[in-house]
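These notes concern the structure reproduced below.
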There are 2 protein chains.
Amino acid sequence: MIDGLKRLDAPLFGRVAVIGPGLIGSSILRAARETHLAETLVTSDANPDVRRRALELDLADEVPETSAEAAIGADVVIICVPVGAIATVVADIAGSLKPGAIVSDVGSVKAGVVDKVLPLLPAGVHFVPAHPVAGTEYSGPDAGFPTLFLNRWSIITPPDGADDEAVARIASLWETIGANVEFMTATHHDLVLAITSHVPHLIAYNIVGTAADLEQVTQSEVIKFSAGGFRDFTRIAASDPTMWRDVFLNNKEAVLEMLGRFNEDLAALARAIRWEDGDKLFELFTRTRAIRRNIIELGQETSAPDFGRTGAAPINPEAAPVQETASV
Amino acid sequence: MIDGLKRLDAPLFGRVAVIGPGLIGSSILRAARETHLAETLVTSDANPDVRRRALELDLADEVPETSAEAAIGADVVIICVPVGAIATVVADIAGSLKPGAIVSDVGSVKAGVVDKVLPLLPAGVHFVPAHPVAGTEYSGPDAGFPTLFLNRWSIITPPDGADDEAVARIASLWETIGANVEFMTATHHDLVLAITSHVPHLIAYNIVGTAADLEQVTQSEVIKFSAGGFRDFTRIAASDPTMWRDVFLNNKEAVLEMLGRFNEDLAALARAIRWEDGDKLFELFTRTRAIRRNIIELGQETSAPDFGRTGAAPINPEAAPVQETASV
């Protein structure tokens, strides 16, 4: 048994199908196996290489060729494909779904997706969208692992009039595979994720692009001296391009709104630099430290210096009374 | 003996003084001890708490009360204080330096510092500025560790007419404590670091500030859902406020120039989102992946997913033939 995941005495579901066993989908399957979430696990993918790999990795009990076959008889179908492809998958499986089946997804954008998906589903089938806020910069069936969702949050955004029982079952699914569950509207979700995930990705992609295009500084210099901060951005800017293209196209309004605020604040900061307003800089740089402390306290981050990358001993705040003091 | 550091048969220097035993200074002292860099290690700090802690941690053989005392008889004095305080320390020690002594520093900005420091030094004393591109988000004497510089780059920016022998000795110092050495002009250094370190820090500080000030999204939501990308920025935005204030005030021109380019590119990206130009987004997001691969290949970064934060198994690219393929 893997640390932090508990095996159920009896499975929560008969048949669970995951469409798209990539980073997120294969992690759900791996965690479902560990926890005995379902009697039978099914997966499929439009890409035959991915299906072959799913078989080799033994990610599911059955790996049919199409998502429509995978959906037959399933109690829950979780669609784990880029946001722009969700509606296509729903259209493909709609005819195979049994009455009472629950369809869910893991997309990083919610409002637009719900609008597209709801009209495609037959009556008597429930749609309960979810978004696990977890991931790494890798993609594909080999990138998943069973503890990806442990102590992370899965946000469920039930549409108006959603069936309470179906919502509760999707909440149990996420709790079983290690996640905490939070409920909010699709619109609020898209705003929260715009600032905590989408805009950070956008500016990371952007600065890596800016650095690559400079004529005064060579690419080899950028790479060599990346330990000064740049390399942390390259991790985020190595995320799956298809997934992220779809996120920005489908959460346009919220991303542009949050980006506008980011730009206003950045302009004020540039002005403080130009006019040498050291107090304004110092005030911001002090305030931002506190937020990281909260993230670490809430278990959403490691306190290891440099993410533990350096081999440094963990910081013991008790032993470091002058840690926050500038040295001169 | 610590992995990766070699102990010298005979010390390179008689007496080495480090002014300011914070993250960088105390790491130099720890690595110097391990490698037998000097017969005698000396340190001092303007803050009595830091001096007391340096004694408790046994960072040096002598911990005098003033930097002037620490400099007496030193072959090398390394000034490890925020950029804005370097000239003050140089003025304090100028009268104590013996003929032939080498003064160095570790500041993240070079050109402006050289201009201020050179006129303060007596004839017969050498100034060889250096900047180790290494660090973590922690500060103070407890935050340092002996392998901080291992396989990192230290950039030496010799002023016009610098003594070759003195430059070579500072290069040997950094190589002894594990760093690779690169030479460039102070002006070029400031441009390279503006894009690889200063602007990344600025936008990280900025987005953390923007997120903290939103009225539609609560601070607790920002913290809870930070695993979507935001938390990586908070690490950088937790760096020492005094150090970073001084960096921006002293590298104004290069930072504003690079920030201008970043803003132009970001405006183009925002436009691509507004006009739903998915191809432009996909092209950038694919290009930025390659840069990260190069950084990992050159040993400046770990390939562990999520910085190894998740407990995931390391990715084996041979075993993951479909890793780069979107799942649908």
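Points to keep in mind about this one:
A quick yes/no check of all residues on (1) in contact with a Leu (Cβ under 9 Å, 6 or more places away or on another chain); (2) farther than 21 Å from B:G4 by Cα; (3) at the interface with chain A (Cβ under 9 Å from one of its Cβ atoms); (4) polar (S, T, N, Q):
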{"position": "B:D115", "(1), (2), (3), (4)": "no, yes, no, no"}
{"position": "B:V128", "(1), (2), (3), (4)": "no, yes, no, no"}
{"position": "B:P132", "(1), (2), (3), (4)": "yes, no, no, no"}
{"position": "B:T136", "(1), (2), (3), (4)": "yes, no, yes, yes"}
{"position": "B:G140", "(1), (2), (3), (4)": "yes, yes, yes, no"}
{"position": "B:D164", "(1), (2), (3), (4)": "no, yes, no, no"}
{"position": "B:A168", "(1), (2), (3), (4)": "no, yes, no, no"}
{"position": "B:G178", "(1), (2), (3), (4)": "yes, no, no, no"}
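- Within the stretch A:1-29, considering residues that are more than 14 Å from chain B (Cβ to nearest Cβ) and part of a loop (DSSP other than H, G, I, E, B), the one farthest from A:V83 (Cα to Cα): A:D9
- Sole exception among (1) surrounded by fewer than 17 Cβ atoms within 10 Å (Cβ to Cβ); (2) within 17 Å of B:K252 (Cα to Cα) for B:I195, by number: (1)
- Checking the stated criteria, A:A194 turns out not to satisfy the condition of being more than 30 Å from B:V192 (Cβ to Cβ) and in the same structural domain as A:R30 (by TED's automatic domain parsing).
- Qualifying residues in the stretch A:252-272 (those that are more than 16 Å from B:G229 (Cα to Cα) and crowded, with 22+ Cβ neighbours inside 10 Å) - the one nearest to the other protein chains (Cβ to nearest Cβ): A:L266
- Pairs, first in a loop (DSSP other than H, G, I, E, B) in the stretch A:266-278, second among the hydrophobic types (A, V, I, L, M, F, W, C), C-beta under 8 Å, six or more apart: A:E276/B:L249
- Positions within the stretch A:66-86 being in a helix (DSSP H, G or I) and within 14 Å of another protein chain (Cβ to nearest Cβ), in sequence order: A:S67, A:A68, A:A70, A:V83, A:G84, A:A85, A:I86
- Scanning the stretch A:207-220 for residues that are buried (at least 23 other Cβ atoms within 10 Å of the Cβ) and closer than 18 Å to B:A254 by Cβ turns up A:I207, A:A211.
- One residue alone among B:T66, B:T40, B:T88 is of a type in the set (S, T, Y), touching a Lys or Arg at 6+ places or on another chain (Cβ under 6 Å) and surrounded by fewer than 23 Cβ atoms within 10 Å (Cβ to Cβ), and that residue is B:T40.
- 1 or more residues at pLDDT 95 or above and more than 17 Å from the chain's Cα centre (by Cα): qualifying strands (runs of 3 or more DSSP E) within the stretch B:87-172: B:102-105
- Residue under evaluation A:T286, criteria (1) surrounded by 15 or more Cβ atoms within 10 Å (Cβ to Cβ); (2) facing chain B (nearest Cβ under 7 Å), criterion not met: (1)
- Residue check, A:D49 farther than 25 Å from A:L249 by Cα, part of a loop (DSSP other than H, G, I, E, B) and in the same structural domain as A:A143 (by TED's automatic domain parsing): no
- Checking each residue in the stretch B:87-113 for being closer than 13 Å to B:A17 by Cβ and away from every other protein chain (no Cβ under 14 Å) picks out B:S96, B:L97, B:K98, B:A101, B:I102, B:V103, B:S104.
- Residues satisfying the stated conditions in the stretch B:201-217, i.e. closer than 22 Å to A:V247 by Cβ and either more than 7 Å from every other protein chain (Cβ to nearest Cβ) or modelled with pLDDT of 90 or more (or both): B:I203, B:A204, B:N206, B:I207, B:V208, B:T210, B:A211, B:L214, B:V217
- Flag for B:P99 being farther than 26 Å from B:G135 by Cα, in the same structural domain as B:I170 (by TED's automatic domain parsing) and not small (G, A, S): yes
The values are calculated or read from the model by the stated rules, or taken from the named source; none is laboratory data. A quick note: this is a predicted structure, and the numbers were derived from the prediction, not measured. As a convention, Cβ positions derive from the backbone with ideal geometry for all residues, glycine included, and neighbour counts pool all protein chains shown.
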